[in-house]
Amino acid sequence: MSENKDNFEPRIVAFLCNWCSYTGADLAGTSRMKYLPNVRPIRVMCSGRVDSQFVIKAFAEGADGVLISGCHIPSDCHYQEGNFKALRRAKLLKRLLPQLGIEPERFRLEWISAAEGDKFQHVCNEFTEQIRKLGPLNLKKEVSNE
Amino acid sequence: MSKPKVAFYWCASCGGCEEAVVDLAEDILKVVEAVDIAFWPVALDIKKKDVEDMEDGSIAVTFINGAIRLSEQEEMVKLLRKKSQLIVAFGSCAHLGGIPALANFSTKDEILKTAYIETFSTVNPEKVIPKVKTEVPEGTLTLPEFFDHVYALDQVIDVDYYLPGCSVPTKLLLDAVTAILTGNLPPKGSVLAPNKTNCDTCERNKTKPEKLKIDRFYRPYEIELDPEKCFLAQGVICLGPVTRGGCDERCIKGNMPCRGCMGPVDQVYDQGAKFVSAIASIIDSYDENEIERIVNTIADPAGTFYRFSLSKAALKEKTLRKE
C-alpha cells in the first residue's frame, strides 16, 4: 500500500533506557493510560548506550521519527552520566541530520523518569502528531542549501 | 604460458591513484614482469574498441579508480566488468565516493549553475549549460550525461575487492597484486587492508590522556599543532577512531589529523554516525547551552565526518534524489 499524507501513520522508533524511561512506559501501560500506538519501543540499558548509528540506521530503514529517552539530568542516570553522553550526541545529531536531508524535528531526546507514565503518554502523542505533520520521510525531497 | 592481463581505468578522480601505481617505483618492474598491462589510458595508447574486441573474462584483474559521475564512466566500467575476472575498486572514490561525492550535498542543477553561470571567473552571457544533445546546423552533438549524483563503483557494477585510501598506499597495492598473482585472496567483497582503526597503530596514542575532553573544536589552521600530541587532545577533529588503518598514518606523521580516507572498519555501519558517537561523548561539559556552543564550533559536521564516504552513507537515499 502506498502511503500518502492522508493515510499516513508515522513509524517511530523509541530507545528507552532500562532504569527510568522504560519503567515509565511500563507505568503508563499498567496505569491503563491511552496513547497513540505509533511508537515502537526498544529497551536499552542506558540512553548513553544509544550509538548515533542506531538513530541513523532507524531512519535509513524506514523510521519517520526517532525518540531517545533516558533518566533526568543531572543526576538520575543509573550509570552516573550516560544521559549526558546522550545529550551531547543529540546536540551534534541535530546539526548533522539537516545536512543529510532530514528535518531535525524528526529526532527527539526526552528525560522520562520511572514515575512519569503521564509524561511518556504525552511525549508519544505529541511526537506522533508532530511527525504526522512532517509527513513520511521516504518521500524523495530536493536537498536545499538553506 | 602467457602472463595474466591487468588493466587500469580512471573515472571521477584526481589522478592521484594513477600516481599511486607509479609510486611503486622499482617494484613496478616486478609487477610488469609478472603481468601484461592490457589497458591503461593514462599510460598506454589502447582504445575502447580494442577492449571491446577482447574476449569476455580475458583480463585477470582491472583496477578502477574514481567515482561514477558520468554515463561514459558507467559505460566503460560495465564494459570492463564484462572483460575482467576480478574488479578491484581502487582508492577512496571508487570505494566510497571520495571527495567527488561531497557534490551529493548539492543538486545537479545547483552544481551546473554554480560551475557554468555564477562563479566569479565565468563569462557565459548566453548561460550555456552542457547538455546531452545539442542541435547545431551540422547535426547533433552529444556529450555524456552528468548524473544527478556521484556513485561509488559498487553502486554501478559488481566489485570483487576494495583497495582503500586517498591515494592507495603502495604497500597495500603491492600486497594486493601479490595476493592476486598467487591466488591467495580473502573472501569476495573484502577490503584489502587491515581491519584495525588508525588509533590502534597511531604513535600519538601514547600521548592520549586517560580521559579525553574537548571544550572547543579547532580547525587545523586555527591553532599551532603539537607534532606529538593526540589531535583529539588538542581539540582538532581526527577521524582516527573510526577509520581503517593500514595507511601508515601518512597524514598524522605529516602533522595533519586523519580525515578518514581509508573508510570505516568492517564493524562500523556508518562512518559519520559512528564518529558523532565517539566525538560527542568526549565533549567536556554538563551544561546544555555550553554543549551546544561547543558543538557549534564544528564547522561542517556532515562534510567533515563523511568527507570520503558520502556515497556510501546510510542516509544516502535521503540526501540524494532519484534520477
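Some points to look at:
- Note on segment B:144-217: along the principal axes its Cα atoms extend 48, 40, 21 Å, ordered by decreasing extent.
- DSSP loop chymotrypsin sites (Phe, Trp or Tyr not before Pro) with at most 16 other Cβ within 10 Å excluded, longest remaining stretch of chain B: B:121-268
- Separation of the A:Lys133 and B:Lys171 label points, Cα + 7 Å toward Cβ, nm: 5.6 nm
- 10 Å Cβ neighbours from other chains, averaged over peptide B:299-311: 2
- Here the mean projected area of the convex hull built on the C-alpha positions of segment A:12-134 is 6.7 nm².
- As a calculated quantity, the FRET efficiency between B:Phe120 and A:Arg43 at R0 = 56 Å, using C-beta atoms, amounts to about 0.50.
- Exercise: per-residue mean of other protein chain Cβ atoms within 10 Å, A:49-60: 6
- Cα centroid separation - segment B:146-183 against segment B:265-290, whole Å: 29 Å
- Rg and Dmax, both from the Cα atoms of segment B:198-314 and both in Å, are 13.6, 39.
- Average projection area in nm² (convex hull over Cα atoms of chain B, one quarter of hull surface): 20.9 nm²
- Extent along principal axes [Cα atoms of the protein assembly as shown; Å; largest to smallest]: 79, 61, 47
- Over 30 Å (Cα to Cα) - which of A:Lys85/B:Lys113; A:Lys85/B:Lys229; B:Lys211/B:Lys316 fall in this group: A:Lys85/B:Lys113; B:Lys211/B:Lys316
- Cross-link partners of B:Lys312 among lysines, defined as those whose alpha carbon lies under 19 angstrom from its own and excluding same-chain residues fewer than eight positions apart: A:Lys57, A:Lys140, A:Lys141, B:Lys108, B:Lys188, B:Lys274, B:Lys322.
- Where Rh is the Kirkwood radius over Cα pairs, Rg/Rh for segment B:24-93: 0.96
- Centre-to-centre separation between the Cα atoms of segment A:32-56 and those of segment B:8-81: 49 Å.
- The Cα-based radius of gyration of segment B:106-147, divided by its Kirkwood radius, gives an Rg/Rh of 1.03.
- Relative to one another, the C-alpha centroids of segment A:67-92 and segment B:205-243 are positioned 24 Å apart.
- Reduced Cα scattering model of segment B:54-188, Debye log10 I(q)/I(0), q = 0.13, 0.16 Å⁻¹: -0.69, -0.90
- Annotation: lysines with alpha-carbon distance below 24 angstrom to B:Lys49 (same-chain offsets under eight excluded): B:Lys3, B:Lys5, B:Lys78, B:Lys82, B:Lys83, B:Lys133.
Quick note: the coordinates plus some simple rules give every number you see, no bench work behind them. What you are looking at is a predicted structure, and each value in this text was computed from that prediction instead of being measured. When we count neighbours, we look across all protein chains shown, and the Cβ atoms used for this are built from the backbone with ideal geometry, even at glycine.
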